[in-house]
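Read the figures in this text as sums done on the coordinates, not as results from a lab. From a predicted model like this one, the values you see are computed outputs, not experimental measurements. Because the Cβ atoms are built from the backbone with ideal geometry, glycine has one as well, and the counts that use them run over all protein chains shown.
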Amino acid sequence: MMINTGYNSRKEVVTDLLFELDDICRKNNLKYTLTGTFANTVAEEGKFPDEYDYITIAMTQGDIERLIEIVNTSENKHREIEYFLNNPYARGFQIRYCNNDTTLINVKEIGNHVNYGMFIRIQTVWKVPDSRWRAKFVSTLKQGWKGSQKRLASCNYKRYIPAVILKCIVKLLGKNNVRRWLYNYNKKLKFINRWEDIPQNEKLSIGKGIFSGEDDWNLKDLTIDGHHLYVADALLHRIVDPHPTHATVKINDIEDLCMPFKDILNSDIMKDLYTTQKSRDQYLFIVTRANKAVKVVNNAWQTYLMTRDVIRFKDLYNDEKLLEIENLINEDNALSCEEELLEYRSAKSKWRKLNISFIENAKVERLIAKADKKFNNEINS
């Protein structure tokens, strides 16, 4: 395979990687499909999007593992696949086909990868486990693993407890052993071997998308600018990847089209970057704790304000005022009655929207129910 080193843009790099993957797949009877807006444009307009620097494809896990073996045993050392088992910092089952002769470092993701070359993302076509309990268990394990890879204080409530448990297990059994077990357990429940096996499954998942085995999984072999590419109708107009085809914001990227990422990682600039990353982690740690404290304080303050309203309404709607409102109801004076009850109704609605439990005034509620029943009946009649 001839290696191109004269790139002018990230778009050219990822396009070249796509053509390489297509060539490998066709020579080894592996199947894939383009996804997202890139797939839509190729399938419907017969051309590549005008602007893109990010491409995602989807494959079955069986074909992905065969692809990994092919790339790992290839004499081409300019390419590499990064995935869960060879990336000790991985926070999930992401797979990337990387160009080792380029550099793409997102400052926010320093420490999450071992390969910082420009890449194509490969998503896995999983089957959804028949057992809802097992599906939930796998999801919890994945959330816990993501949480265990960073400071516990920055975890949301869904990841905190699983993250604590997994951190303890990692200390007992070792990170590599736990990572291998997670990979194999996930594979045991969700594995699909070949593309032809997809329709045999009732439900499938790709990224954030859920699909049916009855969808059209036949691959269209399209020719764009002399290059062949596969697209499955089942994925058209479906969002499976939260990343955009064209990354409009690149302020956090360190990008080089001709310098290998390893050279940059060994350079002096990385000392500053790691210092920046450490400072960022400390900042996020402090901010996360502060945000939690602010949330608690805000909730307490809102509850205080709600309680103050309750006390105020108890004084406002005294026996004399309640008798006055009841007389308005009996006199069929709907407008005046509503004016007297408006402040109470508005406050009650406001606190419900803020998810603060409003302490109702039983006497006022009785009059509201009486007024609503009488005046609504008159309107309906």
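For the range 1-62 versus the range 74-101, the spacing of their alpha-carbon centroids is 17 Å.
Report the gain in length on full extension from residue 210 to residue 27: 0.36 nm times residue separation, minus Cα-Cα distance, nm rounded to one decimal. Mind showing how you got there, number by number?
On the way: separation 183, 0.36 × 183 = 65.88 nm, distance 2.99 nm.
Extra length available between residue 210 and residue 27 comes to 62.9 nm.
Say R0 is 56 Å: what FRET efficiency, to the nearest 0.05, do residue 314 and residue 185 get from their beta-carbon distance? Please list the in-between numbers first.
On the way: r = 58 Å, r/R0 = 1.04.
After rounding, the FRET efficiency stands at 0.45.
For residue 75 and residue 322, compute 0.36 nm times the residue count separating them, minus their Cα-Cα distance, and round to one decimal in nm. If you can, show how the numbers build up before the last one.
Details: separation 247, 0.36 × 247 = 88.92 nm, distance 8.86 nm.
Once the chain is fully extended between residue 75 and residue 322, it gains 80.1 nm.
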